[in-house]
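Since the structure comes first, as structure tokens, the remarks are kept for the end.
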Amino acid sequence: MLSTGALRAHLLAARLAGPVATSRETSLRSYRLFAARDPRVMLGLAPERAWGEGELLRLMADRCGVSADPAHVSGPDAIDPDRTVAALDAFAERLALVAERRAPVLLGTGHPHRLLGFYAGLADALSTAGCPVLTPAQGRCVDITTRFGVRTYRLDYVRGVALVREPGGRPTGGETGAHTHSPLPVRLALQDAAERLGVLPELVIGDHGWVCGAGQLGIEAIGPADTDDPALFVGEAEGRVSLVVPLDDGVRAPFYRPLTRYVLNRACLSQ
């Protein structure tokens, strides 16, 4: 069992919280783009009202622990580890409720190279607890706008976790998948779940567009977000995203394993 103190120490040692690799410049740029409603950072969220840069900075200071000082414009950004621990505790509580109800869930990631193992551990535990882990629209193609133009990707699942691959990529178990912020994969998955399977997930677990895209459609969604992902925190503030865990989403994949163990233990889902 990983204690709260040990988890907090791990968050700081792995730079999942505390001073993180995401730069202040990157975070502030995301806030500027979000205030301008640039689709690259909206992640499928359509805010109910306007959010100015200053208001976004205050929100991120409150939810993440970044500096609220607008004059702080360079260097590493920061996440308060106590906020991360508290959010992981709430995350575990939500998993426990879903497991108790044996409710259907959908897991997906735009960060497969980093977070696939984290979500896969959750999918395994929820499946063991009796939750249907949905895999809708597997093999379907979706066109996503990237900085290189519109590219076609294929929706795939690894250990119950959705991701996108470029068509022609190696089959499941080969290359991990592509990095994406797009909400289009979760929209495709939810449409197929409703039309073909006749069931929608009670909970979507993921990041980036998976959380914002599901929340925007009225599906409860939870997941982690970095200091340069204001969309998830705005969604949480406006009530369309259920829970956001502030942490660096770009560290090495093994560093997320203790987080999986911690939340599953807190949720009484350890195998």
- Task: Could you work out the relative contact order of the chain, using alpha carbon pairs under 8 angstrom and six or more residues apart, expressed as a whole percent?
- Result: 26 percent
- Message: Over segment 26-139, what portion of Cα pair distances is larger than 26 Å, expressed as a whole percent?
- Response: 40 percent
- By average C-beta atoms within 10 angstrom, highest first, the peptides 202-213, 101-112: 202-213, 101-112
- Query: Given q = 0.20 Å⁻¹, what are the Debye log10 I(q)/I(0) values for segment 82-154, with equal point scatterers placed on the Cα positions and solvent ignored?
  - Reply: -0.96
- Task: Could you tell me what percent of the accessible area of segment 188-248 is made up of carbon and sulfur, with a 1.4 Å probe and every protein chain present?
- Result: 47 percent
- Task: Counting only DSSP beta bridges with both residues in the chain, tell me the antiparallel percent, nearest 5.
- Result: 50 percent
- Query: Out of residues 5 or more away from Ser23 or on other chains, whose amide H comes under 5 Å of its own, with H placed 1.01 Å from N in the peptide plane?
  - Reply: Asp77
- Note on the structure: Which residues qualify? For Ser242, with a placed amide H closer than 5 Å and at least 5 residues away or on another chain, they are Ala221
- Query: For Ala86 and Arg147, what is the calculated FRET efficiency with R₀ set at 41 Å and r taken between the beta-carbons, to the nearest 0.05?
  - Reply: 0.70
- Shape parameters for the chain, alpha-carbon atoms, Rg then Dmax in Å: 17.5, 52
- Post the alpha-carbon centroid distance, segment 177-254 to segment 121-168, in whole angstrom. 12 Å
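The values are calculated or read from the model by the stated rules, or taken from the named source; none is laboratory data. Predicted model, so just to flag it, every value in this text is computed and none were measured. Please note: Cβ atoms are built from the backbone with ideal geometry, for glycine as well, and neighbour counts cover all protein chains shown. The protein model used for the area step is the full one, side chains on, heavy atoms only, and it has no ligands, DNA or RNA in it. Shrake-Rupley method; radii C 1.70, N 1.55, O 1.52, S 1.80 Å.
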